[in-house]
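Below: the structure, in structure tokens.
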Amino acid sequence: IPEFNHNTLQALASPGGMPHAIAPIILDAPAVPAKNRRRAAETMHLFTEFHARAQFVDAGGETPLEAMIRAATLGSWTAYYIAMLQGIDPAPVEVIDIFKERIAEPEA
């Protein structure tokens, strides 16, 4: 969540603000360490202050590792189904392929 905080909150506070079409979802779980849960809660407070339509979703899990795996799985499947509902094939990742090709090239 620290990298998410930096990038997302900076966008939220930028002059153009966050587009209203975006509705961030913060995946949380009781098993997540207290420091991370505090960051998530404060992030939600800032979203509220900036009128962003954010919400918490409990990913579940009895241990921090299980919570992370469940959140990653939930996030991945959610992204997949949203793409499918939009008529987008989520399999091609052209921009990632371009990136991988470029970093695989020897430096000049």
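The values are calculated or read from the model by the stated rules, or taken from the named source; none is laboratory data. This one's a predicted model, so the numbers in the text were calculated from it and none came from an experiment. Cβ atoms come from the backbone with ideal geometry, glycine included; neighbour counts cover every protein chain shown. All accessible areas refer to the heavy atoms of the entire protein, side chains included, with ligands and DNA or RNA removed. Shrake-Rupley method; radii C 1.70, N 1.55, O 1.52, S 1.80 Å.
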Point to revise | Accessible area (Å², per residue) of the chain, counting only protein heavy atoms and a probe of 1.4 Å | key: 77 Å²
Exercise for review: Starting from the amide H of ASP28, placed 1.01 Å from N in the peptide plane, find each other amide H under 5 Å away whose residue is 5 or more places distant or on another chain.
Suggested key: VAL57, ASP58, ALA59
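Relative contact order for the chain using alpha-carbon pairs under 8 Å, separation at least 6, rounded to a whole percent? Numbers along the way, then the final one.
On the way: 86 pairs, mean separation 25.6, N = 108.
Reported relative contact order: 24 percent.
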Study note, to complete from the structure: Only helices counted: for the chain, with every DSSP H run of 4 or more residues adding -39500 (n - 2.57) and the sum spread over all residues, [θ] at 222 nm is -18500 deg cm²/dmol
Review point. Based on the Kirkwood radius over alpha-carbon pairs, what value in µm²/s does the Stokes-Einstein equation return for the translational diffusion coefficient of the chain at 25 °C and 0.890 mPa s?
Key: 151 µm²/s
Check your understanding: Ignoring any ligand, DNA or RNA, what whole percent of the accessible area of the chain comes from carbon and sulfur when the probe is 1.4 angstrom?
Key -> 61 percent
Point to revise | Charged-residue dipole, Cβ positions (Lys, Arg, Asp, Glu), the chain about Cα centre, Debye nearest 20 | key: 440 debye
